[in-house]
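These notes are about the structure you will find just below.
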Amino acid sequence: MRSNPADYKLIAPGKLDAVVTLLAQEPGQWLPIAGGTDLIVQYAAGKLSARKLVSIWNLAELRAIEILPDEIRIGAGCTYTRLREHQVIAREFPMLASAARWTGGIANQNRGTLGGNIVNASPAADSLPALLAYEAELILLSVRGERRVPYLGFHTGYKQMNLAPDELIRAICLRPAFSGYLHYARKVGARNAQAISKVCIAALGRLRDGQRTSEVGGQMGGAIEDVRIAVGSVAPVPLRLTELEQMVRGKSVDSELAQQARKASASAIQPIDDIRSTARYRSAVLGNLVAEFIEQLGIPGSPSGKTA
Amino acid sequence: MTTVMTTGSSEHRGKCELSLTVNGEAKTVRVYPMERLLDVLRHELKLTGTKEGCGEGECGSCSVLINGELVNSCLIPILQAAGSNLTTIEGLAEGPQLSAVQKAFLECGGAQCGICTPGMILASCHLLDKKPEPTLDDIRDGLSGNLCRCTGYIQIFDAVAEAARRRDPA
């Protein structure tokens, strides 16, 4: 049943300080709301348990994308539209730009925010595997000050996260350290726009000395020096497949390695049957994507590779 | 963003008075801050051109422009629209003179049952403002959040391309 707006309180203090003070005064009582693309859906369906909301939409302190000497700091309130249009993000973090383009449609991209995507904590969220692969760090803010945590490990269970009741995400930090890597991102959904993923992947890889050995006698070659593989929609939280990474690191790229990686990917995930897909399909498709990633690592071409 | 506090004491869960500009006219409404922009447009301001389809941001029927940006009005609590400049389908024509996009939709057969049409037209205006000479891929991307169930996408894409051709370069 639809919610009655009279039962809810919403305020817009207009300054980040005021929001953080409010969260400290009544911890756990106030739910921050940015663009509303997830929360208002829950509200309209009568499923939003919070009754007091504080707007952080369009706060100047949360909107900026700062280019610092050794990192890019994306304000948590930055929208997908700004992410997909930002030239430095497109160049250094193409998988994040792709994920922004894959999320919802234009209207949702104009309202949905990267910080909102993280705290909404959907295992199917498009941007989260990219953040895991690029090893993002989060700056969390409260009246007690700021703390900086790795994004890896931030989600502790389905919709559970390492965020205190008086804290909010201030910024997402990314180090531009991935030139010369293959950036491989794919989303598998029912259609291109307005579809939630059945499976999504963001993977980075580089061969030793940055080389991709050309095929010799039908064999691909070159040893994998560095690799990061992150996936969504196949477990209660977005996952880094660290065991699979360990298995392939240092190995020469060939079709046998791709097949081994395909098999190993299935044991690292806990996919479910739901309205969008089945566990069996998700597992099979993820295996295909992992194998394709490994094979593409061995194909000579532009170092940045291709993102879908 | 305009700083807006609800009126009354901080513990008071009541209606508040908000101002916004709708299709160039200053409006003040007395509403609950969590009322959806869509409901305020249709019920308070009687602007029923904006349609409700899915009510969860999937179909684009309720698309309007806030400060020139395309949004789903079903997902916006009215407090977040306070102080903004809104354009709805009622704001496009000048008197009896339809806008170029509206004319193109009529002439190319881009409207059938009419539920998606206001949102399609506003998404088209948003696209043409950003990309005055869109490719077919740009048009598909720009309208990808707007669903039509009369299977009229080809005519709709034709209408946007036609409107782009006719628009003044200015």
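The values are calculated or read from the model by the stated rules, or taken from the named source; none is laboratory data. This is a predicted model, so every value here is computed, not measured. With ideal geometry, Cβ positions are generated from the backbone for all residues, glycine too; neighbour counts draw on all protein chains shown.
Summed over the range A:65-85, residues that are small (G, A, S) and over 19 Å from the mean Cα position of the chain (by Cα) total 0. Cβ-Cβ contacts under 9 Å between residues 6 or more apart (or on different chains), taken from a first residue in the range A:191-209 that is within 14 Å of chain B (Cβ to nearest Cβ) to a second residue that is of a type in the set (S, T, N, Q) and surrounded by fewer than 22 Cβ atoms within 10 Å (Cβ to Cβ), are listed as A:R191/B:S144; A:N192/B:S144; A:A193/B:S144; A:Q194/B:S144; A:I196/A:S122.
Among A:S3, A:S49, which is the only one that is over 24 Å from A:T79 (Cβ atoms) and within 27 Å of the chain's Cα centre (by Cα)? That would be A:S49, the only listed residue that is over 24 Å from A:T79 (Cβ atoms) and within 27 Å of the chain's Cα centre (by Cα). Inspection of the range A:34-55 identifies at least one residue that is over 26 Å from A:V231 (Cβ atoms), touching a Ser or Thr at 6+ places or on another chain (Cβ under 8 Å), aromatic (F, W, Y) and touching a residue at least 40 places away in the same chain (Cβ under 8 Å).
Determine whether A:W57 is more than 19 Å from the chain's Cα centre (by Cα), within 27 Å of A:A124 (Cβ to Cβ), more than 9 Å from chain B (Cβ to nearest Cβ) and at pLDDT 95 or above. Here the answer is no, as A:W57 does not meet what is asked. Hey, does the range A:237-255 have a residue that's in contact with a helix residue (DSSP H, G or I) (Cβ under 8 Å, 6 or more places away or on another chain), in the same structural domain as A:K187 (by TED's automatic domain parsing) and among the polar types (S, T, N, Q)? Yes: one or more hits.
The residues in the range B:128-150 that are aliphatic (A, V, I, L, M), under 13 Å from B:E69 (Cα atoms) and facing chain A (nearest Cβ under 8 Å) can be counted, and the count is 0. The strands (runs of 3 or more DSSP E) located wholly in the range B:15-107 that include 1 or more residues which are closer than 20 Å to A:N108 by Cβ and within 14 Å of chain A (Cβ to nearest Cβ) occupy B:63-66, B:69-72, B:85-87. Number of residues in the range B:140-170 that are in contact (Cβ under 8 Å) with a residue 40 or more places away in the chain, assigned to a helix (DSSP H, G or I) and touching a Ser or Thr at 6+ places or on another chain (Cβ under 9 Å): the value is 4. When we screen B:G83, B:G68, B:G109 for residues that are more than 20 Å from A:R84 (Cα to Cα), under 18 Å from the mean Cα position of the chain (by Cα) and touching a residue at least 40 places away in the same chain (Cβ under 8 Å), the only hit is B:G83. Among the residues of the range A:118-135, the ones that are closer than 17 Å to A:E167 by Cα, part of a helix (DSSP H, G or I) and more than 8 Å from the chain's Cα centre (by Cα) come to 2 in all. Among the residues of the range A:7-17, some residue qualifies, meaning at least one is without any contact (Cβ under 8 Å) to a residue 12 or more places away in the chain, more than 21 Å from B:E17 (Cα to Cα), more than 8 Å from every other protein chain (Cβ to nearest Cβ) and acidic (D, E).
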